[in-house]
Amino acid sequence: MNDTLDPFERDMLLETASIAAGKTIKAVANIIGQPAIITPPQLILASMEHIADHMGKPDDIRTIVVVRITGQAKGAIVLLVNPREMEQLLANVDGKLRISALEEMTNVIAGAALGSLSTLLGIPFLQSVPASTTDMLRAIMNEVIVELGSTSAEILCMVTGVQIGVKHIPVPMYLLFDSETTAAIIAAGKQVAERQHG
Amino acid sequence: MANRIEVPTGGYSFAQAPDRLVTIGVGSCLAICLYSPERKVGALIHSMLPRAGQHVTNPSLYVDTALNVVLEKFAHAGIDHRHLFAKLVGGAEMFPGIQQIDNAGGIGQRNVEEASRLLKILGIPVASTSLGGNRGRSLSFDMENGVVSIAAVSATDILKI
């Protein structure tokens, strides 16, 4: 993969992210039982040491749920939420069960997002069980990222802003892919575009 | 007046008394603090991975190449690495329940093992450590005395090593 994306690749990846986000939002609304809105996806292509800095301040305290993408593709889906806002988001869930509820929500979101990408691109995406923790943003995210960066220094990050409920609680979703998977997604996307236009 | 110099992930910095080197959010990464008590000069490395591969764009990302670069700079400043001591902070497993992909141990553990191995070969004593667990740490390294102050989200007190 090149260090930069050309305009076609960028548009194609954004379109791909939008399709995944569309499936995601239905899944979120169904599982939470509250309205949800999304902001248009954004792309970040950055070296592994800089990805976490795009997500917030290094010492921001965040609850993070991660679903690793395994198999032929290598990546992760990450949901970030401020712990205080998580309490508001899941106010009608017993305190001890809130993390489990958030993990289940992430699991459903990941399934929806990866299922739509797999159908669109013809790439199988396998997902791990969710894992979660609450700590400093940089400390957590760097561990997620190094697993991708062990084989490549450049990481693709597709960010979709998700806001849930009447209070619009932000729960941004990040799709992270290593450089080999990004190259495979771009190649598959180009084939899809050729079929559609040609 | 003392300056506070922040070291980013995958970076390193040098400082001398009375300044402090600071790095925030060390999880599975490893912070390697190297200090010359005679000169009151030190360096702080914030590495993410134990060993560099073939295509290295940023040597500070890796424990092995970062140590090489920093020790060369100490040598250029006339400081023999045998007059340094080290303190290690980090090497946590932020998701302890997750089985690692290659079953070779967690990244945090491998970072610690690589640093310990190289420092032993180089003859640089490890004076103290705060390693492992499943919490992130932020640290401040004081060039006046080589003391490292460590804060964690779950801890109420600052740990000094």
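Where strands (runs of 3 or more DSSP E) fall entirely within the range B:117-161, none has at least 2 residues that are more than 30 Å from residue A:134 (Cβ to Cβ) and among the small types (Gly, Ala, Ser).
Residues checked against (1) assigned to a strand (DSSP E or B); (2) more than 14 Å from every other protein chain (Cβ to nearest Cβ); (3) of a type in the set (Asp, Glu):
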site	(1), (2), (3)
B:9	no, no, no
B:21	yes, yes, no
B:31	yes, no, no
B:35	yes, yes, no
B:75	no, yes, no
B:86	yes, yes, no
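Checking each residue in the range A:10-55 for being closer than 20 Å to residue A:82 by Cα and of a type in the set (A, V, I, L, M) picks out A:25, A:28, A:29, A:31, A:32, A:36, A:37, A:38, A:51, A:52, A:55. Against the numbered list (1) within 14 Å of chain B (Cβ to nearest Cβ); (2) β-branched (Val, Ile, Thr); (3) closer than 30 Å to residue A:187 by Cβ; (4) part of a helix (DSSP H, G or I), residue A:78 comes up short only at (4). Residues in the range B:42-68 that are more than 12 Å from chain A (Cβ to nearest Cβ) and touching a Phe, Trp or Tyr at 6+ places or on another chain (Cβ under 7 Å): 4 in all.
At least 1 residues being over 20 Å from residue A:25 (Cα atoms) is the threshold, and among the strands (runs of 3 or more DSSP E) wholly inside the range A:82-183 those reaching it are A:131-136, A:154-160, A:173-177.
Number of residues in the range A:54-71 that are out of contact with any strand residue (DSSP E or B) (no Cβ under 6 Å at 6 or more places or on another chain) and either free of Cβ contacts under 8 Å to residues at least 60 places away in the same chain or in a strand (DSSP E or B) (or both) equals 1. Considering only the range A:35-53, I want to know if a residue exists there that is within 12 Å of chain B (Cβ to nearest Cβ), touching a Cys at 6+ places or on another chain (Cβ under 8 Å) and outside any loop (DSSP other than H, G, I, E, B). For the range A:35-53, residues within 12 Å of chain B (Cβ to nearest Cβ), touching a Cys at 6+ places or on another chain (Cβ under 8 Å) and outside any loop (DSSP other than H, G, I, E, B): present. For the range A:81-98, taking the residues that are touching a residue at least 12 places away in the same chain (Cβ under 8 Å) and in contact with a Leu (Cβ under 9 Å, 6 or more places away or on another chain), the one that is nearest to residue B:90 (Cα to Cα) is identified as A:81.
For (1) crowded, with 24+ Cβ neighbours inside 10 Å; (2) touching a residue at least 12 places away in the same chain (Cβ under 8 Å); (3) out of contact with any Leu (no Cβ under 9 Å at 6 or more places or on another chain); (4) closer than 27 Å to residue A:62 by Cα, each residue gets a yes or a no:
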site	(1), (2), (3), (4)
B:22	no, yes, no, yes
B:34	yes, yes, no, no
B:45	yes, yes, no, yes
B:54	no, no, yes, no
B:73	no, yes, yes, no
B:83	no, yes, yes, no
B:91	yes, yes, no, yes
B:120	no, no, yes, no
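Values in this text are rule-based calculations from the coordinates and carry no lab data. These numbers come from a predicted model, not from an experiment. All Cβ positions, glycine included, derive from the backbone under ideal geometry; neighbour counts span all protein chains shown.
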